[in-house]
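Student: Below is one structure. I have some questions about it.
The values are calculated or read from the model by the stated rules, or taken from the named source; none is laboratory data. Predicted model, so just to flag it, every value in this text is computed and none were measured. Methodologically, a virtual Cβ is constructed for each residue, glycine included, from the backbone with ideal geometry; neighbour enumeration extends over all protein chains shown.
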Amino acid sequence: MADESDEHGRMNVSPEILSDLKDLFSGPGPSILFERMEQVNTVGLDSILHGIDMDTRIQLLSIDDGMLYKAMKVLLVSSKVWGGKFDLISVGSRGAVFYDGSQVWKCSISAPEEARLLEKVEEAYKGSQKNVIRSKGPVVNEIILPIEYVEGRTLESSIGSATLSPGLYQRISADVFNGLTELKKAGIYHRDIRPSNILLDETKDRAVIIDLGDATDNPDAIPICNRRYGGSDLLSLGQVMYKMATGHNLFNEFGKPSIEAADEIEKLRKSFCEDPLLQENYFHKVCKDVNDRWMSEGIRLCLAAGLGIGDKQLSCPQEIRDAAYAEVRQYFEVNR
Ligand SMILES: Nc1ncnc2c1ncn2[C@@H]1O[C@H](COP(=O)(O)OP(=O)(O)O)[C@@H](O)[C@H]1O
Ligand SMILES: [Mg+2]
């Protein structure tokens, strides 16, 4: 690398290195991010950038490329990262999640909105909410949200493993419901409840709702596309509970791998929402498929309550929403 200092004693970076960096950070989408991150962590940026002054870092950051890469660069060239300990936890369609050994950094274009909604929950609970993730400070560079690290697996990776007993299903269901209540009290609906957005916290023995990237507090917001577990949040919870109890999606009649079946699941769920006869059929199906009585009744309650609310949620009258949540709470609290 170019290592002469300028008249202020700062390092200069040669045009070749700037060009290499540009190549490194532009181009293909997140699918090859993993490989790139490995390059960066082991041989790439750490050695190239070590000791570079702030102006040059800013110059590197100004290379014009996608928002996601920009966010990654902010992290990579910030002093926090010089130690090299920086793990990529997940790459999604809209961003990436990193862990620095003490907290999580979620890079996503929805970071400011996610931060605003999390702040609302924190204000409502003075930071003492139990089943909704907490943020750890303001958004950095408009795209990076610091959040508390939860040690444990997602519900998605735990479903089907022998470690999940019926007793544990019940506790997870009740915790997720409590998280939904915490959100609702803050005027928020999550709209993306699914097993990969539920973390099982090993250290505190609780389930935590994460990923408010699709959440809303806007009464006019239209429903969004959570094909496998969508509908109102309570309807989603009913479907997640069915998945926990059986290993299958309630609306995947044909038993296809869920990745292929997403469109069909959505179509069947929509028919279910519109057709009372079909609802009866599915309630029978739940009774038949789910042996655990608590889960079976809890699923049917969540589905029925969720149906009553409808997927616009905030446009449903407050008394109806409150009554639906109260009914589920009563069951979850009394019958445990
Ligand atoms: N606070 C956290 N602690 C530990 N792991 C997390 C945390 N937040 C997210 N993750 C991991 O990153 C994944 C993606 O995070 P998420 O917020 O759902 O982003 P996306 O919008 O990409 O779905 C999660 O499924 C989980 O595995
Ligand atoms: Mg997610």
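Student: Taking the residues in region 160-180 that are touching a residue at least 24 places away in the same chain (Cβ under 8 Å) and surrounded by fewer than 19 Cβ atoms within 10 Å (Cβ to Cβ) as candidates, determine which candidate is farthest from ligand 2 (Cβ to nearest atom). Give the steps one after another, and end with the answer.
Tutor: From region 160-180, those touching a residue at least 24 places away in the same chain (Cβ under 8 Å) are 160, 164, 166, 169-180; that's our starting set.
From what's left, surrounded by fewer than 19 Cβ atoms within 10 Å (Cβ to Cβ): 160, 164, 166, 171.
Working: G160: 19, L164: 20, P166: 26, R171: 22 Å.
So the residue we want is P166.
Student: Sticking with this structure for a sec: Does L235 qualify as being in the same structural domain as G298 (by TED's automatic domain parsing) and under 16 Å from V150 (Cβ atoms)? Talk me through it step by step, then tell me what you get.
Tutor: Numbers: in the same structural domain as G298 (by TED's automatic domain parsing): yes; under 16 Å from V150 (Cβ atoms): no.
So L235 fails the test.
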